[in-house]
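This report concerns only the one structure given below.
The values are calculated or read from the model by the stated rules, or taken from the named source; none is laboratory data. Values in this document were obtained by computation on a predicted structure and should not be read as measured data. Cβ coordinates were reconstructed from backbone atoms using ideal geometry, including for glycine residues, and neighbour counts include every protein chain displayed. Just the protein is used for accessible areas: all its heavy atoms, side chains included, with ligands, DNA and RNA removed. Shrake-Rupley method; radii C 1.70, N 1.55, O 1.52, S 1.80 Å.
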Amino acid sequence: MRYTGAGTLVVAVALALSSSQAQAQARTPAPDEAAFRALYKELIEINTTLSVGSCTEAANAMRARLLAAGIPAADMQVLVPPDRPKDGNLIATYRGTDPKAAPIMLLAHLDVVEARREDWTRDPFKLVEEDGWFYARGASDDKAMAAVFTDSLIRYRKEGFKPRRDIRLALTCGEETSETFDGVDWLLKHHPETMKAAFALNEGAGGELDEHGKPVALQIQAGEKQYQDFHLELTDPGGHSSRPKKTNPIYRLSAALDRIGAYQFPLSLNPTTRAYFTSQIELVPAAVAEDIKAVLREPPDAAAAERLWTVNPAWNSMLRTTCVATMVNAGHAPNALPQRASANVNCRILPGVPVEAVKQTLARLAGDEGIAITTVGPPEPAAVAPALTPAIMQPVRKLAEEIWPGVAVVPTMSTGATDGRYLNAAGTPTYGLSGMFHDAEGSRAHGLNERIRVKSLMDGRRFLYEIVKIYANGTEG
Ligand SMILES: [Zn+2]
């Protein structure tokens, strides 16, 4: 599917799809779906960006809806950091019957990445439905899951669902700006009891549609790579640019970055990525399947991995630690020899690989005593991949077969970062699971004109509503 470059095919399919989706759009949604759409719209249209928005306002709005549905006020808290009044987090507990059973957690973040009106086709802070798509900042990342989780608690309440375990909803702030503030990290430090659970469901995985819009693979994410920035810097006495010296910091840093750029960290698979690639074999053309088999062999075949990288850059990121230069800064005047040159190298580290080991590799590659390498920011929690136990996987397989017959269930490791890293490191196994399918282009999360297919959102709504009921009556953890 990712291998077809058939632009025109996509257009034809898009036209066919849009007419059926236009029909779907014309249909009158069922009362509970209408209620969901209203909740989703309200959440989307509350600006929760770091610059001008308020997570606290969104948290209170969702609290008000839960209260109106009959969730007791005593079972809900909007927890706001005293020094950050706009970064509020909602914790709401739907009570189960067995007080000894650990709760399950439904985690979603309320904040969204910045979006400028003038860059977008439509107002990013207005929910727009067009041709079977919802468009808005956060339409996918992550207000789709935040709305579905909140709506599910309301439906459980309405139907009088009595699960064995408590179901704890955590709508948090700061996921997109964790270098400034992260709600889950803050709650773990200041309200740790709210973050304890048998396990948690979170963003981090969706589903793959083929070029005909047919669901082919439902992903469940277990673990993610560790995010770490490194700062590389060197200084020099400088001087007058009319008298260049044999070397200067810009050349030395460029040479070091060049060596880092040319380096490939070793290939390494873990249980999750091995399961992921194994499940891909059935979904790809024969030639690619052969390369995947070669990479699954011990030791993994480097030439095959190289070919897979061309096919899908995300696959390379799943197979090894990656480090890439993302920012440089040097010089202080056009007519002066530079006195300082620095760069940011962003690494995504495989679970189990120590940050210090990566730092030493960068130092070796830089190969220049003068370059100081430091880790940026507070140390990130070490990446821990939760186990994909039968109690977690079987309900997913069973329900997926009901909703999307024949779909493959694919374990995956996220190459990006989610708040699951904090929870996993704190001992709460956290899985990325949404049931929301995307085409090859994806949701444009963090980008322009973010969107989600209406059908994907509604299917995901059904999937999450039902899987949570199963887990809430389960015995895992
Ligand atoms: Zn997100």
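Restricting segment 273-313 to trypsin sites (Lys or Arg not before Pro) that sit in a DSSP loop and have at most 10 other Cβ atoms within 10 Å of their own Cβ leaves R297.
Loop-located trypsin sites (Lys or Arg not before Pro) across segment 108-150 with a Cβ neighbour count of 15 or fewer within 10 Å are R116, R122, K126, with loop assigned by DSSP. Dipole of the chain computed with +1 at Lys/Arg Cβ and -1 at Asp/Glu Cβ about the Cα centre; of N60, F161, V409, farthest Cα towards the positive end is F161.
By the helix-only formula, in which each DSSP H run with n ≥ 4 contributes -39500 (n - 2.57) and the sum is divided by residues, the chain has a 222 nm mean residue ellipticity of -11500 deg cm²/dmol.
Looking at segment 131-189, the GluC sites (Glu not before Pro) that sit in a DSSP loop and have at most 14 other Cβ atoms within 10 Å of their own Cβ are E179.
Think of segment 226-376 as having a plus end and a minus end, set by charges on the Cβ of Lys, Arg, Asp and Glu; of Q264, N329, Q339, Q339 sits farthest toward the positive end of this dipole. Bridging of K469 to lysines at a Cα separation below 30 Å is possible for K41, K100, K143, K158, K162, K189, K196, K214, K225, K398, K455, once same-chain residues fewer than 8 apart are set aside. If R0 equals 25 Å, the separation of the Cβ atoms of I403 and A68 corresponds to a calculated FRET efficiency of about 0.30.
Could you size up the charge dipole of segment 226-376 around its Cα centre, putting +1 on the beta carbon of Lys and Arg and -1 on that of Asp and Glu, and report it in debye to the nearest 20?
On the way: 14 positive and 13 negative charges, 82 e Å.
It comes to approximately 400 debye.
Average projection, convex hull of the Cα set of the chain: 25.3 square nanometres.
Cβ distances below 4.7 Å define possible disulfide partners, and in the chain every cysteine has one. Averaging the sequence gap over all C-alpha pairs within less than 8 Å and six or more residues apart, then dividing by the number of residues, gives the chain a relative contact order of 22 percent.
Peptide packing: for 190-201, 254-265, the average count of neighbouring Cβ atoms within 10 Å per residue gives the ranking 190-201, 254-265, highest mean first.
For Cα pairs less than 8 Å apart in space and 6+ apart in sequence, what is the mean separation divided by the residue count of segment 226-376, i.e. the relative contact order in percent?
Details: 229 pairs, mean separation 67.1, N = 151.
Value for segment 226-376: 44 percent.
The alpha-carbon atoms of segment 226-376, seen along their principal axes, cover 63, 28, 20 angstrom, with the largest extent given first.
For the chain, with all protein chains in place and a probe radius of 1.4 Å, 57% of the accessible heavy-atom surface sits on carbon or sulfur.
Taking every DSSP beta bridge with both residues inside the chain, roughly what % is antiparallel (nearest 5)? Kindly include the intermediate steps, with their values, before the conclusion.
Details: 44 of 64 bridges.
The answer is about 70 percent antiparallel.
Take the chain with all the other protein chains still there, run a 1.4 Å probe, and you get 43 Å² of accessible area per residue.
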